[in-house]
1. For region 35-52, give me the residue count where each residue is in a loop (DSSP other than H, G, I, E, B) and loosely packed, with under 14 Cβ neighbours inside 10 Å.
2. Return a yes/no flag: does region 23-34 have any residue that is modelled with pLDDT of 85 or more and not in a strand (DSSP E or B).
3. Can we say GLU11 is at pLDDT 90 or above, under 23 Å from GLY121 (Cα atoms) and surrounded by 12 or more Cβ atoms within 10 Å (Cβ to Cβ)?
4. VAL57: at pLDDT 90 or above, crowded, with 18+ Cβ neighbours inside 10 Å and closer than 17 Å to ASN13 by Cβ, yes or no?
5. So which pairs qualify, if the first residue must be in region 99-118 and under 19 Å from THR31 (Cα atoms), the second must be among the small types (Gly, Ala, Ser) and assigned to a strand (DSSP E or B), the Cβ gap must be under 6 Å, and the two must be at least 6 apart or on different chains?
6. Taking the condition out of contact with any Asp or Glu (no Cβ under 6 Å at 6 or more places or on another chain), in a loop (DSSP other than H, G, I, E, B) and modelled with pLDDT of 90 or more, does GLU83 pass?
7. Considering region 86-96 alone, what residues qualify as being touching a strand residue (DSSP E or B) at 6+ places or on another chain (Cβ under 6 Å) and either at pLDDT below 90 or in a loop (DSSP other than H, G, I, E, B) (or both)?
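The values are calculated or read from the model by the stated rules, or taken from the named source; none is laboratory data. For clarity, every value in this text was computed on a predicted model and none was experimentally measured. Cβ sites come from the backbone with ideal geometry, for glycine too, and all protein chains shown count toward neighbours.
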Amino acid sequence: MILKETIDGKEINIIKSSGYNDGYYWDMNATVIFNGNIYTIIDSGSGSGWDLCYTGVKKGNLDRLYGHDQLEDLDELEDFINEIPELLRKFINSGAKESWEDIQDEDFDYHISVDGKEIGGHGELED
């Protein structure tokens, strides 16, 4: 599926996407081709903090995709797919070569990491 939105006129081609969301725990991911490179895009976590939240873009195919039969809320996956261009922009604008990540720690604070090195953070997200 080629997204309508482009980045600098370059197409984003989703070659595989799937996920799981039961309203408590979610894990959505996509493999995309952009500008001749393959990226894996991930959004996962839980509302309780049992599984800490993680959003990231990694160069290459991580092969960690759920099957479509496990996805219970297709609208939620559509929302995730709509976020892909913005997440790719964060990767590009950060100067990342391999990964851009927004990771929640056990204190529910978020840390932004580029290529495995923390570059900043922000507090707990508000609803």
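1. Taking region 35-52 as the starting set, the residues that turn out to be in a loop (DSSP other than H, G, I, E, B) are 35-36, 47-52.
With the extra rule that they be loosely packed, with under 14 Cβ neighbours inside 10 Å, the set shrinks to 35-36, 47-50.
Residues meeting the conditions: 6.
2. no
3. Numbers: at pLDDT 90 or above: yes; under 23 Å from GLY121 (Cα atoms): no; surrounded by 12 or more Cβ atoms within 10 Å (Cβ to Cβ): yes.
Against the criterion (at pLDDT 90 or above, under 23 Å from GLY121 (Cα atoms) and surrounded by 12 or more Cβ atoms within 10 Å (Cβ to Cβ)), GLU11 does not qualify.
4. Values: at pLDDT 90 or above: yes; crowded, with 18+ Cβ neighbours inside 10 Å: yes; closer than 17 Å to ASN13 by Cβ: yes.
Yes.
5. Listed pairs, sorted by first residue: GLU101/GLY56; GLU101/SER113; ASP115/SER99.
6. On the way: out of contact with any Asp or Glu (no Cβ under 6 Å at 6 or more places or on another chain): yes; in a loop (DSSP other than H, G, I, E, B): no; modelled with pLDDT of 90 or more: yes.
Spelling it out, it is not the case that GLU83 is out of contact with any Asp or Glu (no Cβ under 6 Å at 6 or more places or on another chain), in a loop (DSSP other than H, G, I, E, B) and modelled with pLDDT of 90 or more.
7. Of everything in region 86-96, just one residue is touching a strand residue (DSSP E or B) at 6+ places or on another chain (Cβ under 6 Å) and either at pLDDT below 90 or in a loop (DSSP other than H, G, I, E, B) (or both), namely ALA96.
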